[in-house]
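Peer 1: Sharing a structure with you now.
Readers should treat all values here as calculations from the given coordinates under stated rules, not as data from a laboratory. Computed from a prediction, not measured in an experiment: that's the story for all the values here. Quick reminder, even Gly has a Cβ in these numbers, built from the backbone with ideal geometry, and neighbours come from all protein chains shown.
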Amino acid sequence: MSLPIAELQNEYTTRIIPALKEKRGYKNVHQVPRLVKVVINTSIASAPDVKAALEIAKDELETITGQKPVETIAKKAISNFKLRAGQAIGAKVTLRGRLMYEFLERLIKTALPRIRDFRGVSARAFDGNGNYTLGVSDQSIFPEIELDKIKRNIGFDITIVTSATSNDEARALLSELGMPFVGRNAKKVEKTEAAENAAA
């Protein structure tokens, strides 16, 4: 039995594709940029106890994403950090399909608004090839993490890979998906959060 489609994935198909076609003049659906994958990466190379820190990082990543992470390996030795080539120095998860959409929905609607004094994410962190990376300073913003069980703060880089061919195309896609860039979308998130607090 197949799992139900993620809410954000359904919104992309039913609302966002037609909206982008109209706003940007795409002739057919295949021209509309789409999400390809989301990569969540963390490095613990600077931790004093790398082995213990790596296990914690892997557990937190799996809790947040629902997928087992793979270890990332140092390509060369760095004596200042006491690292040797081939040593495990971090972990990453690559999400596609339903898990990708579910993670992004939780990130956009729940996790990012929990950042203290949140005013939106940078609209400049694109790489020129349709990909966007944002940094998260610690895992406590994710609702899956139990605050009283955090053993150490783990920071993440979250890279959203799209089929867009320019920063402008990728920004338009992520804006439609609800990414709270500094400005209009950030204010929208604040209003939503305020309404939820009032209802509670």
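Peer 1: Using a simple charge model, +1 on the beta-carbon of Lys and Arg, -1 on the beta-carbon of Asp and Glu, nothing else, what dipole does segment 107-189 show about its Cα centre, in debye to the nearest 20?
Peer 2: 340 debye
Peer 1: Students often check this: by mean Cβ neighbours within 10 Å, which of 140-152, 7-19 ranks highest, and how do the rest follow?
Peer 2: Final packing ranking: 7-19, 140-152.
Peer 1: Right, something else. Subtract the Cα-Cα distance of Asn28 and Val70 from 0.36 nm times their separation in residues, and report this length gain in nm to one decimal.
Peer 2: Full-extension gain reported as 11.4 nm.
Peer 1: Tell me, what is the percent relative contact order of segment 1-70, built from C-alpha pairs under 8 Å that lie six or more residues apart?
Peer 2: Once normalised by length, the contact order is 13 percent.
Peer 1: Using θ = phi - 60° and the Karplus form 6.51 cos²θ - 1.76 cosθ + 1.60, what ³J(HN,Hα) does each residue of segment 165-177 get, whole Hz, x for Gly and Pro?
Peer 2: Those phi angles translate into 10, 8, 4, 5, 4, 5, 5, 4, 4, 5, 4, 5, 6 Hz.
Peer 1: Also, I was wondering about something else. Pulled fully out, how much extra length does the chain show between Asn129 and Ala19, if you take 0.36 nm times their separation in residues and subtract their Cα-Cα distance?
Peer 2: Extra length available between Asn129 and Ala19 comes to 37.4 nm.
Peer 1: While we're looking at this one, here's another question. At R0 = 25 Å, how high is the FRET efficiency between Glu146 and Phe118 if r is their beta carbon distance? Nearest 0.05 is fine.
Peer 2: E(calc), rounded to 0.05, equals 0.70.
Peer 1: Right, next: Can you tally the net charge around Thr42? Count Lys and Arg as +1, Asp and Glu as -1, for every other residue whose Cβ sits under 13 Å from the Cβ of Thr42.
Peer 2: With Lys, Arg at +1 and Asp, Glu at -1, the neighbours total -4.
Peer 1: For segment 16-71 and segment 125-150, compute the distance between their C-alpha centroids and round to whole Å.
Peer 2: 9 Å
Peer 1: For Arg34, which sequence-distant residues (separation of 5 or more, or a different chain) have an amide H within less than 5 Å of its own amide H, given hydrogens modelled in the peptide plane?
Peer 2: It is Ser163, Ala164, by chain and number.
Peer 1: Over 24 Å between Cα atoms: which of Lys68/Lys149; Lys75/Lys149; Lys58/Lys151 fall into that group?
Peer 2: From Lys68/Lys149; Lys75/Lys149; Lys58/Lys151, over 24 Å: Lys75/Lys149.
Peer 1: Ranked from highest to lowest mean number of other Cβ atoms within 10 Å per residue, what is the order of the peptides 90-100, 65-75?
Peer 2: Per-residue Cβ counts within 10 Å, averaged per peptide and sorted highest first, yield 90-100, 65-75.
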